1. How many nm is it between the label spots at K214 and Q156, if each spot is 7 Å from the Cα in line with the beta carbon?
2. Set Lys and Arg Cβ to +1 and Asp and Glu Cβ to -1, take the dipole of the chain about its Cα centre, and tell me which of S139, S15, G482 lies farthest positive.
3. Which order do the peptides 311-324, 176-189 come out in when sorted by mean C-beta neighbours inside 10 angstrom, highest first?
4. How charged is the neighbourhood of A42? Take every other residue with its Cβ under 11 Å from the Cβ of A42, and add Lys/Arg as +1 and Asp/Glu as -1.
5. Can you give the net charge of the other residues whose Cβ lies under 11 Å from the Cβ of A199, counting K and R as +1 and D and E as -1?
6. Given the pairs K115/K214; K63/K146; K63/K214; K31/K146; K146/K214, which span a C-alpha to C-alpha distance of over 27 angstrom in this model?
7. Quick one: length gained pulling S53 to K484 fully straight, 0.36 nm per residue minus the C-alpha distance?
8. For the range 133-242, run through the trypsin sites (Lys or Arg not before Pro) and keep only the ones in DSSP coil with at most 12 other Cβ atoms within 10 Å of their Cβ.
Amino acid sequence: MLAKTPGFTLTAVVSIALAVGANATVFTWLKAVLFDPLPGVAHSGQLVNLSASQGDRTGLSNKYAAYLYFRDHTATLSGLLAHELLLMNVSDGEKPELVAGGIASANYFDVLGVKPVLGRGFTAEECAVPGRNPVTVISYALWNRKFHRDPNILRQTALINGQRFSIVGVSPPGFGGVYGGLGQELWVPVMMSQAVGAADDPRLANVQIMGRRKTDFAQVQAETHVLAKQYAGLHPAGLNKWDEYVLPLSQAPRGIQASIVPFVGVLMAVAGFVLLIACANVANLLLARSTARAGEVGLRLALGASRGQLIRQLLTESVLLAAIGGLAGILLTFWTADSLRLLLPSMADFQLNLDLTLNAPVFAFCFVLTLLTAVLFGLAPAIQGSRADLGLLMKNMSRGSTGGGSRLRNGLVVFQVTLSLVALVCTGLFGRSLQAALTADPGFNPRSVLLANLNPFLNGYDSVRGAEFYRQLLERLDQHPGVKSAS
């Protein structure tokens with residue numbers, strides 16, 4: 001039946017494919033941000049963040065010495081790790097690159113349940129003596145991009161902030177740390193804090209503390225509060241006013257989920273509008289088609305078909321249409337899932353670390369959405385199409401029985417135009433806001449201005465050498481024929 005009307009079928013399939021594809025694309029991001037914020041981490045729902053607070057100041061870092069105290073005295077956490085995000089200058093011996101890295105405790109990978117795809121994580125000995133063991137674990141992405149998937153990578157070294165580090169492991173694909181959307185590309189032991197500019201004394205290095213619960217959240221909160229008081233009592237010099245609070249991973253003030261969730265929420269609402277518009281569009285097409293099929297429906301009734309059988313027949317066609325459109329929408333999502341990155345602001349030296357693969361939850365969402373779509377656009381036309389008056393049909397007067405269908409079609413048109421108008425008005429307002437942002441006067445002429453991000457201090461320069469570096473750099477730029485001025 002669908003093959004006999006290719007124009008109708010193609011129009012309906014394209015409408016459904018665009019709607020399902022848009023919703024699946026946004027859901028892929030929603031899944032990544034809300035349900036799987038830490039790709040590669042085992043049972044991330046058990047993780048909690050321990051953050052320091054002082055008065056109305058919350059979300060503060062802890063000292064590494066505090067982490068050691070909590071680690072040795074906790075009974076409600078099966079594992080406790082320390083980590084901190086840092087920018088590092090890394091080189092494979094050729095071109096240096098500024099990447100997001102971090103310091104980590106010896107049990108960092110073990111507590112997270114992350115097994116390196118090559119080599120190993122850190123050992124207790126490597127995190128015992130300051131400055132003794134310059135080792136690093138690099139991310140799979142960095143190994144692939146900068147070291148060209150060298151199979152002998154574990155025999156290689158990396159120049160990090162001007163110091164040689166032996167590469168002892170490569171993290172598994174997809175894992176990029178625990179900063180929810182911000183991807184880290186290498187880790188060094190906390191005891192190497194001075195080499196990477198985190199702190200001269202590793203015990204005083206600022207770190208984030210993360211633990212894995214083995215009991216309920218309230219007990220973890222109560223125990224951590226007591227341990228914080230005990231630790232503050234042992235260190236009265238300015239630390240006795242500090243407190244400690246525990247947050248579930250979803251509420252931790254780290255990463256970029258907080259800024260992405262509203263953005264994805266707005267897009268989900270827009271995608272829902274598109275779905276409703278598409279359903280109204282296809283439903284109207286089906287209603288118009290039912291008028292042309294009045295003779296066929298009359299013949300089926302004359303042959304003894306019941307109204308229930310007619311509804312099942314028409315709904316089956318609707319489900320088949322939705323299934324074809326849903327499959328086309330999934331194929332479309334393979335190309336569009338990653339496209340939303342273009343709508344996000346640049347994060348400079350940070351890589352976006354979200355699992356945007358189309359996996360089982362996305363396919364399940366598409367399946368449910370396809371069935372819902374079939375019901376939304378197929379049920380009313382099926383019921384309307386089955387209400388044929390056999391006597392009128394036999395007298396070629398089927399038009400007289402389509403008044404209800406005409407009213408329904410008019411109602412769907414009104415509904416569709418209303419939603420389209422709301423979407424267009426919102427788009428126009430967004431466009432005007434974007435235009436205002438792009439044409440705002442920054443107070444200077446931005447044309448022909450180039451920016452470069454340089455940090456010689458990450459490469460071992462002190463303040464004297466750094467100042468001389470900038471002086472020579474500006475001098476050479478001023479002499480360049482393509483440069484009018486530099487600062």
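Each reported figure results from applying straightforward, stated rules to the coordinates on display, with no laboratory input. A quick note: this is a predicted structure, and the numbers were derived from the prediction, not measured. All Cβ positions, glycine included, derive from the backbone under ideal geometry; neighbour counts span all protein chains shown.
1. 3.9 nm
2. S15
3. 176-189, 311-324
4. Taking every Cβ under 11 Å from that of A42, the sum is +1.
5. Neighbour charge sum, excluding A199 itself: -1.
6. Cα-Cα > 27 Å for K63/K146; K31/K146; K146/K214; rest within.
7. Going from the current span to full extension adds 150.2 nm.
8. Sparse-neighbourhood loop trypsin sites (Lys or Arg not before Pro): R149, K241.
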